[in-house]
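The values are calculated or read from the model by the stated rules, or taken from the named source; none is laboratory data. Quantities reported herein were computed from a predicted structural model and do not represent experimental measurements. Cβ coordinates were reconstructed from backbone atoms using ideal geometry, including for glycine residues, and neighbour counts include every protein chain displayed.
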Amino acid sequence: MSFDGEWSGLRAEAASRMRVNSAGNGSSSGDSKDLVVHQDDLGRVGHEAFLLHARLKKAGDMTRGAKDDGATAKAAQSLGAHHFTMGDALTTMATMWNDQLKTLLQACAHISNGLDYTKKSQAHTDEEIGASMTHRNGSAMSVSGISRYYR
């Protein structure tokens, strides 16, 4: 088999495996929504991130203070004082563990806070849109009234 033939076969095989997940038939009728956000979903994910933050903060403190007077620091100092290279390695491990734990905690807090903000912001935006789509007397604007803004 020639290179071109093999290359064509590999490209065809890769193209058959690469499909975009979709439920539609490919026609763009305007009925489908690009982004659907349910406030309940945002709240649940944000709450789970908050709970994960709390669990990580408690369970992740395995070094009990890598610096100062924690058990890990005391063990590392004692090993180092007796000329064991394990003391330096233990200090390095504890420092890296704490740095990575802080990164995870910050990520959980960022997700939780970001989703809380998004949920509140989306509700406010929905209220603004709803208020702008009413007549002066407060009644809802008809579909034909709304559609004239898109011409």
Would you please name the residue that is nearest to residue 106 (Cα to Cα), looking only at residues in region 60-88 that are loosely packed, with under 13 Cβ neighbours inside 10 Å and modelled with pLDDT of 90 or more? 88
All but one of (1) surrounded by fewer than 16 Cβ atoms within 10 Å (Cβ to Cβ); (2) part of a helix (DSSP H, G or I); (3) touching a residue at least 12 places away in the same chain (Cβ under 8 Å) hold for residue 108, so report the exception by its number. (1)
Close pairs (8 angstrom Cβ cut-off, 6 or more residues apart or separate chains): on the phi > 0 side of the Ramachandran plot in region 53-70, modelled with pLDDT of 75 or more and loosely packed, with under 14 Cβ neighbours inside 10 Å anywhere: 64/71; 65/71
Which numbered condition trips up residue 93, out of (1) surrounded by 12 or more Cβ atoms within 10 Å (Cβ to Cβ); (2) modelled with pLDDT under 75; (3) hydrophobic (A, V, I, L, M, F, W, C); (4) in a helix (DSSP H, G or I)? (2)
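Could you list, in sequence order, all residues of region 79-120 that are closer than 30 Å to residue 41 by Cβ and among the acidic types (Asp, Glu)?
To start, the set of residues in region 79-120 that are closer than 30 Å to residue 41 by Cβ comprises 100-120.
Correct list: 116 only.
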Tell me, please, whether a residue that is among the hydroxyl-bearing types (Ser, Thr, Tyr), under 21 Å from residue 54 (Cα atoms) and either surrounded by 10 or more Cβ atoms within 10 Å (Cβ to Cβ) or in contact (Cβ under 8 Å) with a residue 12 or more places away in the chain (or both) can be found in region 130-138. no
Run residue 141 past the list (1) within 20 Å of residue 58 (Cα to Cα); (2) without any contact (Cβ under 8 Å) to a residue 40 or more places away in the chain; (3) surrounded by 13 or more Cβ atoms within 10 Å (Cβ to Cβ) and report the number of the one that doesn't hold. (1)
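So if I check each of 31, 41, which one is at pLDDT below 80 and assigned to a helix (DSSP H, G or I)? Write out each step before concluding.
Values: 31 fails: assigned to a helix (DSSP H, G or I).
When all the criteria are applied, what remains is 41.
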